[in-house]
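Asks: Mind having a look at this structure? Questions to follow.
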Amino acid sequence: SGDSEPLNEAMAVLQHHDAVTGTSRQHVANDYARQLAAGWGPCEVLVSNALARLSGSKEDFAFCRELNISVCPLSQTAKSFQVTIYNPLGRQVKWMVRLPVSNHVFVVRDPSGTIVPSNVVIIPSSDGRELLFSASVPALGFSIYSVTQVPGQRPRAHKLQPRAQKPK
Amino acid sequence: FRVLVIQNEYIRAKFDPDTGFLMEMENLEQNLLLPVRQAFYWYNASTGNNLSSQVSGAYIFRPSQQEPLPVSHWAQTHLVKTALVQEVHQNFSAWCSQVVRLYPGQRYLELEWTVGPIPVGDNWGKEIISRFDTGMDTKGLFYTDSNGREVLERRRDHRPTWELNQTEPVAGNYYPVNSRIYITDGNVQLTVLTDRSQGGSSLRDGALELMVHRRLLKDDGRGVGEPLREDSSGLWVRGRHLVLLDRARTAAAGHRLQAERAVLAPQVVLAPGGGAPYRLE
């Protein structure tokens, strides 16, 4: 069973001005981060249970905490996976999903099973790739998109066009 | 070299072919065009001087000189254009890069900056800023928010409640920015939304700057007892600035709604799929 209490506790501790402003010694800052990370774990179980109950299927949910640096083991290795997008806003949003993927072609389907446009682009200063597709998510609700690798095809990844050498 | 351009239905951004820096932003919907140059600079952190022994540190921002130094005079750029995104990748140096992005339907320019590890081999602490320079006549005024709610007017070298004798021309004009900072000439407004709290200011008319990272070598004597010198993962920082160009009278609607979308952005959870059906009973 999940538990949000550890994260509540960590957030309470981090109201201290040192945590808010970063005016603590390094080892204290590290401990703040440790408390937050320890709080995430039980919360992710809680969210998984809620999603299983709301979606009607018990999944091994993966929370990729490093999407901002294009790291997500599941999307980078799986041949097919589901993407559940939750919208906390009180209004419907369209949102561009970006996920690190392997060097393949993918088909993305929306909750009704319709194929939606997607692109694979190269990640700057690395040879990684990211899958992009636009998701529509209802107010205070979620949408589940499915992503499937197309076997045997390589993406025509959009080449980076080098430019602007050192000015004269 | 041709001018690099990225655009969608609402925004067009042009980049200087010689330097690779952003040089112009256009709001196509409201027919607004603003020459704006954006680049990264660094302040040399003070270690105390004849005026004051105060060192720049965790509690105190105190550059050793008023003018910041450019991280680079040019950026290596790459252009990516697909149906779902147009972006310019800018490499300013080995430790400073940025991706300027536009998605279809987006009414702001996304600047995803990555800074670090800040080199300190020269034994100088450094405080890195992203600075926007425009020709707007802002009359010494700029605006910063308080926790995303009330926006306060700031006037350079001035305090509304007491006669300020400005002794720190840079740090004395820095204010906390929790979610947004903007400048306006009364007709056009340039707003920058942040994805975390940063220090920000407008140190000359038409300019707007935000501090994105710091790496200091001396303690500032205010109680921490060690310099603000992150190690391991804290060496690198990646974040985003969302840049909006609007008419001054309608700008609030734009940045208020966009800031709410940013702070309550959708959350993504992945799963292999094909799980067993699940019902409470």
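Asks: Could you figure out which of (1) surrounded by 14 or more Cβ atoms within 10 Å (Cβ to Cβ); (2) within 12 Å of chain A (Cβ to nearest Cβ); (3) closer than 30 Å to A:S146 by Cα isn't true of B:L242?
Replies: Condition (2) is where B:L242 drops out.
Asks: May I ask you to list the residues in region B:77-87 that are within 7 Å of another protein chain (Cβ to nearest Cβ) and under 20 Å from the mean Cα position of the chain (by Cα)?
Replies: B:T77
Asks: Here is a list: A:T114, A:T84. Which entry is out of contact with any Asp or Glu (no Cβ under 7 Å at 6 or more places or on another chain), at pLDDT 95 or above and surrounded by 19 or more Cβ atoms within 10 Å (Cβ to Cβ)?
Replies: Going through A:T114, A:T84 in turn, just one is out of contact with any Asp or Glu (no Cβ under 7 Å at 6 or more places or on another chain), at pLDDT 95 or above and surrounded by 19 or more Cβ atoms within 10 Å (Cβ to Cβ): A:T84.
Asks: Answer with yes or no whether B:Q90 is part of a strand (DSSP E or B), within 9 Å of another protein chain (Cβ to nearest Cβ), crowded, with 22+ Cβ neighbours inside 10 Å and in contact (Cβ under 8 Å) with a residue 12 or more places away in the chain.
Replies: Here the answer is yes, as B:Q90 does meet what is asked.
Asks: Okay, next question. Anything in region B:213-229 that is within 12 Å of another protein chain (Cβ to nearest Cβ), among the basic types (K, R) and touching a strand residue (DSSP E or B) at 6+ places or on another chain (Cβ under 7 Å)? List them, or say none.
Replies: Matches in region B:213-229: B:R214, B:R229.
Asks: Further question: Would you check which residues across region A:68-84 are in a helix (DSSP H, G or I) and more than 7 Å from chain B (Cβ to nearest Cβ) and list them?
Replies: A:P73, A:Q76, A:T77
Asks: If you go through region B:55-76 one residue at a time, how many are within 20 Å of the chain's Cα centre (by Cα), more than 7 Å from chain A (Cβ to nearest Cβ), within 30 Å of A:R25 (Cβ to Cβ) and surrounded by 16 or more Cβ atoms within 10 Å (Cβ to Cβ)?
Replies: 6
Asks: Give the residues of region B:77-96 that are farther than 16 Å from A:R98 by Cα, modelled with pLDDT of 95 or more and polar (S, T, N, Q), sorted by residue number.
Replies: Those that are farther than 16 Å from A:R98 by Cα, modelled with pLDDT of 95 or more and polar (S, T, N, Q): B:Q90, B:N91, B:S93.
Asks: Follow-up. State all residues of region A:41-71 that are closer than 14 Å to B:Y278 by Cβ and not basic (K, R); if no residue qualifies, say none.
Replies: A:S48, A:N49, A:A50, A:L51, A:A52, A:L54, A:S55, A:G56, A:S57, A:E59, A:D60, A:F61
This table checks each residue for (1) over 12 Å from the mean Cα position of the chain (by Cα); (2) closer than 24 Å to A:I69 by Cβ; (3) within 11 Å of chain A (Cβ to nearest Cβ).
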residue	(1), (2), (3)
B:T191	no, no, no
B:E209	no, no, no
B:D231	yes, yes, yes
B:G254	yes, no, no
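Asks: May I ask you to say which residue of A:Q35, A:Q26 is free of Cβ contacts under 8 Å to residues at least 12 places away in the same chain and of a type outside the set (A, V, I, L, M)?
Replies: A:Q26
The values are calculated or read from the model by the stated rules, or taken from the named source; none is laboratory data. What you see is a predicted model, and the numbers here were worked out from it, not measured in a lab. Using ideal geometry, Cβ is built from the backbone for each residue, glycine included, and neighbour counts are taken over all protein chains shown.
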